[in-house]
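Only one structure is covered here, and it is reproduced in the block below.
The values are calculated or read from the model by the stated rules, or taken from the named source; none is laboratory data. Just so it is clear, the model here is predicted, and its values are computed rather than measured. We place every Cβ from the backbone using ideal geometry, glycine too, and count neighbours over all the protein chains shown. Each accessible area value is taken on the protein alone, full model and side chains, heavy atoms only, with ligands, DNA and RNA left out. Shrake-Rupley method; radii C 1.70, N 1.55, O 1.52, S 1.80 Å.
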Amino acid sequence: MEAPHSPAAETGGRTAATARITARVTVDSPERMSELGRRLAALLRPGDLVMLTGELGAGKTTLTRGLGAGLGVRGAVTSPTFVIARVHPSLTSGPPLVHVDAYRLGGGLDEMEDLDLDVSLPDSVVVVEWGDGKVEELSDDRLHVVIDRLVGAVDPLAAEDDRREVTLTGIGGRWSGVDLASLAV
């Protein structure tokens, strides 16, 4: 786990709206990825935009499944690849989870506008898989989560195929002061 960087060091004098706070977490199984999602859910609030980046099979939906469990939402969280977006209402007093898979969407925000994410965003936690270059304009404040497969296991008994490095970058004033390092699992 890498401790978050200070906003001042990361921004080089930029405003809080463009501040970046980064933490890294290594997970070694799908269960740990889901647990990371549950822990992350505790830091999220209505209006948060979470962008997930990673190759096919990296664990984006597994992380989102954990987010759904942590937020206490209704319905099985599965990949929305063919429906593009799913809304999971809260079973508690928390925000709904809007889970979007932008993989098949080619354009930028224009194509995303048809999904009315800007309407959902203030009251929901919106998670977008494959959102790079497509949803950044929805909010100055967002959490960018990049999931990379690790090559060459340090622990010879570890299942090398399951090891991931998750880099969480909080962008904007919303994330200043949020302890992303607390997400170590």
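For the structure I just gave you, tell me whether residue 77 is hydrophobic (A, V, I, L, M, F, W, C), more than 17 Å from residue 138 (Cα to Cα) and open to solvent by 20 Å² or more (accessible area, probe 1.4 Å).
Working: hydrophobic (A, V, I, L, M, F, W, C): yes; more than 17 Å from residue 138 (Cα to Cα): yes; open to solvent by 20 Å² or more (accessible area, probe 1.4 Å): no.
For residue 77, the condition - hydrophobic (A, V, I, L, M, F, W, C), more than 17 Å from residue 138 (Cα to Cα) and open to solvent by 20 Å² or more (accessible area, probe 1.4 Å) - is not met.
For region 48-104, what are the residues that are more than 18 Å from residue 135 (Cα to Cα), hydrophobic (A, V, I, L, M, F, W, C), in contact with a helix residue (DSSP H, G or I) (Cβ under 8 Å, 6 or more places away or on another chain) and in contact (Cβ under 8 Å) with a residue 60 or more places away in the chain?
63, 67
Quick check on region 68-124: of everything there that is more than 18 Å from the chain's Cα centre (by Cα), among the hydrophobic types (A, V, I, L, M, F, W, C) and in a loop (DSSP other than H, G, I, E, B), which residue is modelled with the lowest pLDDT?
In this case the residue turns out to be 115.
One residue is enough: does region 19-36 have a residue meeting the conditions open to solvent by less than 60 Å² (accessible area, probe 1.4 Å), modelled with pLDDT under 90 and over 24 Å from residue 150 (Cα atoms)?
yes
Quick check on region 141-158. Is at least one of its residues in a loop (DSSP other than H, G, I, E, B) and either buried (at least 19 other Cβ atoms within 10 Å of the Cβ) or at pLDDT 90 or above (or both)?
Initially, region 141-158 is screened for residues in a loop (DSSP other than H, G, I, E, B), giving 141, 150-158.
If we keep only those that are either buried (at least 19 other Cβ atoms within 10 Å of the Cβ) or at pLDDT 90 or above (or both) as well, we get 141.
Yes, region 141-158 contains a residue that is in a loop (DSSP other than H, G, I, E, B) and either buried (at least 19 other Cβ atoms within 10 Å of the Cβ) or at pLDDT 90 or above (or both).
Do we have residue 127 as of a type in the set (A, V, I, L, M, F, W, C), surrounded by 19 or more Cβ atoms within 10 Å (Cβ to Cβ) and either modelled with pLDDT of 90 or more or within 22 Å of residue 70 (Cβ to Cβ) (or both) here?
It is true that residue 127 is of a type in the set (A, V, I, L, M, F, W, C), surrounded by 19 or more Cβ atoms within 10 Å (Cβ to Cβ) and either modelled with pLDDT of 90 or more or within 22 Å of residue 70 (Cβ to Cβ) (or both).
Every residue in region 51-67 that is crowded, with 23+ Cβ neighbours inside 10 Å and not in a helix (DSSP H, G or I), please.
51, 52, 59
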